[in-house]
1. Of these, Ala87, Ala83, which one is buried (at least 22 other Cβ atoms within 10 Å of the Cβ) and closer than 18 Å to Leu323 by Cα?
2. Which of the residues spanning the stretch 115-156 are within 30 Å of Gly77 (Cβ to Cβ), of a type in the set (A, V, I, L, M) and surrounded by fewer than 21 Cβ atoms within 10 Å (Cβ to Cβ)?
3. If a residue has to be among the hydrophobic types (A, V, I, L, M, F, W, C), in contact with a Ser or Thr (Cβ under 7 Å, 6 or more places away or on another chain) and farther than 20 Å from Ala82 by Cα to count, how many in the stretch 211-253 make the cut?
4. Condition check: over 18 Å from Pro224 (Cα atoms) and part of a strand (DSSP E or B). Does Lys301 satisfy that?
5. Identify the residue in the stretch 281-340 that is basic (Lys, Arg) and more than 18 Å from Gln266 (Cβ to Cβ) and, among all such residues, is farthest from the chain's Cα centre (by Cα).
6. Restricting attention to the stretch 269-291, does a residue exist that is farther than 26 Å from Lys206 by Cα and hydrophobic (A, V, I, L, M, F, W, C)?
7. I'm trying to understand the selection: among the residues of the stretch 118-137, which are within 12 Å of His152 (Cβ to Cβ) and not small (Gly, Ala, Ser)?
8. Among (1) within 19 Å of the chain's Cα centre (by Cα); (2) under 20 Å from Asp269 (Cα atoms), which single condition is Lys206 missing?
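Every number here is computed from the coordinates shown, using simple stated rules; none is lab data. Here the structure is a predicted model, which means the values were calculated and not measured. We place every Cβ from the backbone using ideal geometry, glycine too, and count neighbours over all the protein chains shown.
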Amino acid sequence: MTSIPRAEQPIRKPAQRKKVKQHKPVGRPKSAAGGPRWGIPAAAGAALALVGGVALWSAPGRADAAPDRVPGAPAAGFTAVAAGDIAEQCTAKDSGCEHAKTAALVKKINPAFVLTMGDNQYDDARLKDFRNYYDKTWGAFKGKTHPVAGNHETYDPAGALAGYKAYFGSIAYPKGKPYYSFDQDNWHFIALDSNTLDSAELAWLKADLAATAKKCVAAYWHHPLFSSGEHGNDPVSRPVWKLLQDAKAELVLNGHDHHYERFAPQDPDGKADKNGIVELLGGMGGAHPYKIEEVQPNSEKRLTDTFGVVRLNFTDNGFSWDLIGTDGKTKDSSPSYQCH
């Protein structure tokens, strides 16, 4: 996959937030299979600098200011907005309520559609919480949102995904399953449920990829295969990556770890591959931020303690994106990529 670096803008630190109950690993994070995380220590693979009080990480040997276009410049095609880990139990009346601020960004951008990468509502994703919090902010875009479920949606006392399904209805279950696909122009988008990536879902994915005639393919779900954050790499989706790689897919979007991170094209085993898949981790939709733990190979940029949304720019032949902070400023810009 061909990429051209783009310019980046300075960032600032948002106000401190009061943490809410989270279901996070204790001690060193492990994979879903119970084994150790696979990666390299931050000291061996990256440099840390403080810019405006925010931790900003850069991969070694990478220039961060080699633009091919001005960040935020209009692109032919269409625009989407993406974020995960969104609505804590607060409203716009609380000055520290970040999901109210990220929702304001979505309204200003006015995208063709919205992608959410799971953990849409904290803490247990009950229907009443969706109505009291998410619906008061991101609910304004419900009609053009294509959501996926995160692990917090499985904590609902009424049953796993009960509140999520009741709130989103056929938007999240267009064919009676919590995974689905849709098309926009020359792009095919695939929404997956990474809480239960069973054989039935993988068989559906394989058939869906074989059936599409679109040139460009993007997929999104909650648990990332690659992450430098507190949860770390989760191998649950490696079979998905292999199917996407075989189908020459372009882009994967995830949440789960509450930070922003972008990766260079790579294969399912984490090896750099110019014909591989680009991963974007966008867990900065409103939930309190997590730390960077172990910087992973091919990780190009990591931002913590910042909230915002990813503005995705799609054309018939490629894509790029900008991370827009709640202050309205561009915090990071990806390279421009061409579809395979």
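1. On the way: Ala87 fails: closer than 18 Å to Leu323 by Cα.
Sole residue among the options that is buried (at least 22 other Cβ atoms within 10 Å of the Cβ) and closer than 18 Å to Leu323 by Cα: Ala83.
2. Result: Ala140, single match.
3. Kept after step one, since they are among the hydrophobic types (A, V, I, L, M, F, W, C), are these residues of the stretch 211-253: 211, 213, 216-219, 221, 225-226, 236, 240-241, 243-244, 247, 249, 251-253.
From what is left, the residues that are in contact with a Ser or Thr (Cβ under 7 Å, 6 or more places away or on another chain) are 221, 225, 236.
Next, from what is left, pick out any that are farther than 20 Å from Ala82 by Cα: 236.
Result for the stretch 211-253: 1.
4. On the way: over 18 Å from Pro224 (Cα atoms): no; part of a strand (DSSP E or B): yes.
When the stated conditions are applied, Lys301 does not pass them.
5. Residues of the stretch 281-340 that are basic (Lys, Arg), as a first pass: 291, 301-302, 311, 329, 331.
In the following step, the residues that additionally are more than 18 Å from Gln266 (Cβ to Cβ) were identified as 291, 311, 329, 331.
Working: Lys291: 16, Arg311: 11, Lys329: 19, Lys331: 15 Å.
The selected residue is Lys329.
6. Scanning the stretch 269-291 turns up at least one residue that is farther than 26 Å from Lys206 by Cα and hydrophobic (A, V, I, L, M, F, W, C).
7. Of the residues in the stretch 118-137, the ones within 12 Å of His152 (Cβ to Cβ) are 118-126, 129-130, 134.
Listed by number, the residues that qualify are Asp119, Asn120, Gln121, Tyr122, Asp123, Asp124, Arg126, Asp129, Phe130, Tyr134.
8. Of (1) within 19 Å of the chain's Cα centre (by Cα); (2) under 20 Å from Asp269 (Cα atoms), only one is false for Lys206: (1).
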